[in-house]
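One structure below.
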Amino acid sequence: MMVLTVVGQDARSVEACEDKFLLVGRGTRFQRAYAAIHPASIVVYAQPQRRAAKAIRDPRLQADLKLAGHRVLVAEDETALGRALDSGSVDLVLTDVADAERVVKRAESSLARPAVLPVMHEPTKEEAKEVEARYTGHVTSPDRAGRYLMAIDDAMKVRAGQKKKATS
């Protein structure tokens with residue numbers, strides 16, 4: 001009986017301090033605890049008619065990216081994408097795999113030369129192998145935000161290595 005009283009008192013004192021993580025059964029989701037190793041400025045280029053557009057335009061994914069420390073801008077058309085790339089402050093573009101090749105060419109001609117991370121919607125094994133061979137990374141939708149976050153960090157790590165080589 002005495003043990004229950006002590007536990008009950010501790011839980012109330014923790015709540016009073018607004019530190020809910022210490023209560024039994026109260027944890028944090030991966031995305032909320034996850035801080036990006038390489039915080040990035042991300043442009044989500046998702047034309048509504050594309051297969052992966054729904055997943056990468058999902059407000060929950062964008063919120064998770066922001067919680068991890070990334071800055072997110074949505075570009076719905078070629079003009080908005082061009083303005084974002086011309087700003088020189090874009091690190092990564094998330095786009096449907098159908099647009100990836102065109103976005104890569106446009107990104108390479110921009111000042112910031114951002115990485116491009118193609119998103120595939122329920123690909124076949126052959127499609128996935130082809131994209132893996134062509135790009136440094138990719139994401140499959142629908143997928144958990146944690147996978148997007150890891151793929152973004154991997155792409156930013158590769159980009160940081162490329163920048164380091166270019167300045168050496």
Residues located in the range 85-108, provided they are surrounded by 23 or more Cβ atoms within 10 Å (Cβ to Cβ) and more than 25 Å from GLU127 (Cβ to Cβ):
LEU85, VAL90
Can you tell me which residue within the range 109-138, out of those that are modelled with pLDDT of 90 or more and not hydrophobic (A, V, I, L, M, F, W, C), is surrounded by the most Cβ atoms within 10 Å (Cβ to Cβ)?
PRO114
From the list ALA112, ALA155, ALA151, which one is in a loop (DSSP other than H, G, I, E, B) and either touching a residue at least 12 places away in the same chain (Cβ under 8 Å) or closer than 21 Å to ASP91 by Cβ (or both)?
ALA112
Please tell me if VAL103 is among the aliphatic types (A, V, I, L, M) and either within 22 Å of ALA35 (Cα to Cα) or touching a residue at least 60 places away in the same chain (Cβ under 8 Å) (or both).
no
Log entry, pairs with first residue in the range 124-145 being among the polar types (S, T, N, Q), second being assigned to a helix (DSSP H, G or I), beta carbons closer than 7 Å, six or more apart or on different chains, reads THR136/ALA155; THR136/VAL158; SER141/ALA55; SER141/ILE56
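The values are calculated or read from the model by the stated rules, or taken from the named source; none is laboratory data. Here the structure is a predicted model, which is why all the values come from computation and not from measurement. Neighbour counts are summed over all protein chains in view; Cβ atoms, including those assigned to glycine, are modelled from backbone coordinates with ideal geometry.
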